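Colleague: Could you have a look at this structure, given as structure tokens, before my questions?
The values are calculated or read from the model by the stated rules, or taken from the named source; none is laboratory data. All of these numbers come straight from a predicted model, not from anything done at the bench. Counting neighbours? That spans all protein chains shown, and the Cβs are built from the backbone with ideal geometry, glycine included. In case anyone asks, the SASA skips ligands and DNA or RNA and just uses the protein heavy atoms, side chains included. Shrake-Rupley method; radii C 1.70, N 1.55, O 1.52, S 1.80 Å.
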Amino acid sequence: MGTRKFPDKMTMVVHGATGLKPDQLVFDLTYSDKHAEREIVGFRNDGIYFDFEGGSVTFGPRTETSQADYEPPILEVPSPLQAGFTRTGVTRAKGADGGVSRTEDWTVSVAGQEPVTVAGATVNAWKVQVDRKFRPGGSDQGTRSRTMWFDPARNMWVKFVEVFHGERHEVGFSFTYDSNVTAVLSSFTP
């Protein structure tokens, strides 16, 4: 349907919401009026997890949406953080109807600490890599790799680089989507 570049800036708003568990927050990412994502993130004793992801992407007259509750959740940032840490897992992505749309194999690894400039200041952040691969057989196929720089003082990632390739195959229609985005925190209001 076409290609386009991400805008120079995007907005990420983190907030609570009715119906969330006490350890969860919503991360709303707005790239443009044609691309928005939502993540529900769980902050647990042993790490930070993706419990839910959803998104909406519009090209021309067509809008593709997706959402998934993750069972079990996908580990994003382990706790405690330790250089050399690696964990693997398998997660089922369940759609709004409760059916499994895909199964993902994932690996989380911690490279160590690395300085990163955030909002004009240097932060000694933890560099964490999360690689995800969708298993064959589901209607959704793809890979997703996210490198995050996690700031313990803010208890969130202050920079991330994400490379994503996704495909959706339905009767009579296929949708392929590729993205490569770098996001750096420019301001933070607790």
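Colleague: So, Val41, is that one closer than 28 Å to Ser139 by Cβ, crowded, with 17+ Cβ neighbours inside 10 Å and modelled with pLDDT under 95 or not?
Modeller: Here the answer is no, as Val41 does not meet what is asked.
Colleague: Another question, if that's okay. Within the stretch 98-112, is even one residue basic (Lys, Arg) and open to solvent by 30 Å² or more (accessible area, probe 1.4 Å)?
Modeller: No; the residues of the stretch 98-112 include none that is basic (Lys, Arg) and open to solvent by 30 Å² or more (accessible area, probe 1.4 Å).
Colleague: Within the stretch 91-131, can you find the residues that are without any contact (Cβ under 8 Å) to a residue 24 or more places away in the chain, under 27 Å from Pro152 (Cα atoms) and within 16 Å of the chain's Cα centre (by Cα)?
Modeller: Thr91, Lys127, Gln129 - these are the residues of the stretch 91-131 that are without any contact (Cβ under 8 Å) to a residue 24 or more places away in the chain, under 27 Å from Pro152 (Cα atoms) and within 16 Å of the chain's Cα centre (by Cα).
Colleague: Looking at the stretch 16-35, can you tell me whether even one residue there is open to solvent by less than 60 Å² (accessible area, probe 1.4 Å), modelled with pLDDT of 95 or more, closer than 17 Å to Lys159 by Cα and out of contact with any Leu (no Cβ under 7 Å at 6 or more places or on another chain)?
Modeller: No, because not a single residue in the stretch 16-35 is open to solvent by less than 60 Å² (accessible area, probe 1.4 Å), modelled with pLDDT of 95 or more, closer than 17 Å to Lys159 by Cα and out of contact with any Leu (no Cβ under 7 Å at 6 or more places or on another chain).
Colleague: Follow-up. Hey, which of the strands (runs of 3 or more DSSP E) in the stretch 58-169, taking only ones fully inside, have at least 2 residues that are among the acidic types (Asp, Glu)?
Modeller: So the answer is 62-78, 100-118, 140-151.
Colleague: Is it the case, given these coordinates, that Thr143 is open to solvent by 20 Å² or more (accessible area, probe 1.4 Å), of a type in the set (S, T, N, Q) and more than 20 Å from the chain's Cα centre (by Cα)? Quick ask: steps written out before the conclusion?
Modeller: Working: open to solvent by 20 Å² or more (accessible area, probe 1.4 Å): yes; of a type in the set (S, T, N, Q): yes; more than 20 Å from the chain's Cα centre (by Cα): no.
Answer is no for this residue.
Colleague: Quickly run through the stretch 160-182 and pick out the residues that are over 12 Å from the mean Cα position of the chain (by Cα), open to solvent by less than 70 Å² (accessible area, probe 1.4 Å) and in contact (Cβ under 8 Å) with a residue 24 or more places away in the chain.
Modeller: Of everything in the stretch 160-182, those that are over 12 Å from the mean Cα position of the chain (by Cα), open to solvent by less than 70 Å² (accessible area, probe 1.4 Å) and in contact (Cβ under 8 Å) with a residue 24 or more places away in the chain turn out to be Gly166, Glu167, Arg168, Phe175, Tyr177, Ser179.
Colleague: Considering only residues that are surrounded by fewer than 19 Cβ atoms within 10 Å (Cβ to Cβ) and within 19 Å of Trp149 (Cβ to Cβ), which ones fall in the stretch 48-73?
Modeller: none
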